[in-house]
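Worksheet: one structure, shown below.
The values are calculated or read from the model by the stated rules, or taken from the named source; none is laboratory data. Values in this document were obtained by computation on a predicted structure and should not be read as measured data. Counting neighbours? That spans all protein chains shown, and the Cβs are built from the backbone with ideal geometry, glycine included. The accessibility values were calculated without ligands, DNA or RNA, using every heavy atom of the protein model including side chains. Shrake-Rupley method; radii C 1.70, N 1.55, O 1.52, S 1.80 Å.
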Amino acid sequence: MSDELILETLTVTKNFFGDKSSGVNNITLFIPKGKITGIVGESGSGKTSLLKLLSGHMKPDSGEVFFHGRPLPVRSINPLQAHTAISMVSQDNSGMDPNDTVWSNMVNALPSEDANYAIQKVTQALNLLGIYELREQPFGKLSGGEKQRVTIANALINRPEVLMLDEPFNQVDANYREGLQHDIRQIVKEWGVTVVLVSHDPAELLSMADELIVIKEGEIVEHGHPENLYHSPKLLYTAKILVRCTELTAAQAKICGIKSKRATVVIYAEHAAVSAIGISGKWVVKQVLFKGFYEELIVERNEVTLRVLNYQLRKYAVNSKVSISIKKYYEFGKWLG
Ligand SMILES: Nc1ncnc2c1ncn2[C@@H]1O[C@H](COP(=O)(O)OP(=O)(O)OP(=O)(O)O)[C@@H](O)[C@H]1O
């Protein structure tokens, strides 16, 4: 059964300088209802522009955005029902007054002047994100992570159908980040809210998103289920964004024992195994990066540098000689770059 769609774009283009060098170009996409769609791409590829177009914050030069199958007009001073159904959390917490308390900030954002209604809504939203105790704090005095929680609570206050999140976890430490990710997944499950998530963190996108859209120079270049994109990327660009990997030329790949006629060979860190014994032992450990329950080794041979995962902690010291075996590799032609 195919997913019900909530947002669609049809050949949407928005350029800032009259040519294709900025913004987004000719984008047709479908956002499934009640799912988390992740948008990934290098810096400046057009992710935020796309969110603004999808939420009616920006008018396309051409093409159309549809919400529930109907054209979505650009926002004006009096927002339409469709606009209140789409809530956006931007990177800069804009819209929050740093000198005002969390409570006042949130009450002020509500359209109704009914005090009981406001108390109920704000209390609900703060509890949802587990931050009711922050209500009397000035927004500007909160930590980065607390600010993010408040901004997300504020965006959820009117129970939107779609929540757009533009790098919502970038100021948050690892523990807090996981808690916030968990809460958002819970809200998606319980409310059936649709999330569109822009992030630079591949681990976050792979674990949170149901669908991933890869964007490059303002165009969608690949899309699909995160697991499929991780294991079978069509483009080198996608592999480099999502995976801890090493990119080699065909000549460099030869040093790893790989014969390839393609322009580029990519080796994922988890597909290279290290051992202290073996016929070659020609690789030298250059760096040992402690990662908790595993290490990432940077090994070198004839100026070829590889990233390798190692689960036998402290087994290999810097400058020791090791053997490397490659279990799997990916080849990319020039035209797929
Ligand atoms: N209001 C604007 N005026 C002029 N150029 C803009 C404007 N907004 C975006 N751009 C340009 O359009 C391109 C895409 O920008 P956008 O912010 O959408 O990228 P992004 O993928 O979100 O980047 P990042 O990951 O760095 O946040 C960039 O070259 C940017 O400079």
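Figures for the structure shown
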{"read-out": "Accessible area per residue in Å² at 1.4 Å probe, computed on segment 103-240", "value": "46"}
{"read-out": "Share, in percent, of DSSP beta bridges within segment 147-270 that are antiparallel, nearest 5", "value": "65"}
{"read-out": "Qualifying chymotrypsin sites (Phe, Trp or Tyr not before Pro) in segment 6-100, DSSP loop, other Cβ atoms within 10 Å at most 11", "value": "PHE16, PHE17"}
{"read-out": "Most to least packed among 36-47, 98-109 [average Cβ atoms within 10 Å]", "value": "36-47, 98-109"}
{"read-out": "Segment 105-136: GluC sites (Glu not before Pro) falling in loop per DSSP and having at most 11 other Cβ within 10 Å", "value": "GLU113, GLU136"}
{"read-out": "Cut-off 20 Å, label 7 Å out along Cα→Cβ of ASN116, residues of segment 149-171 by amide N", "value": "158"}
{"read-out": "Mean Cα-pair separation over length for segment 5-236, i.e. relative contact order, pairs under 8 Å, 6 or more apart, %", "value": "28"}
{"read-out": "Over 29 Å (Cα to Cα) - which of LYS147/LYS240; LYS47/LYS189; LYS47/LYS147 fall in this group", "value": "LYS147/LYS240"}
{"read-out": "Förster-model FRET efficiency, 45 Å R0, THR123 and ALA273, C-beta, rounded to 0.05", "value": "0.25"}
{"read-out": "Reference-scaled alpha-carbon Rg (2.2 N^0.38 Å with N residues) for the chain", "value": "1.17"}
{"read-out": "Rounded Å value of the spacing that divides the Cα centres of segment 203-223 and segment 288-337", "value": "26"}
{"read-out": "Fraction of antiparallel bridges per DSSP, the chain only, in percent to nearest 5", "value": "75"}
{"read-out": "Dipole in debye (nearest 20) - the chain, about Cα centre, beta carbon charges: Lys, Arg +1; Asp, Glu -1", "value": "1640"}
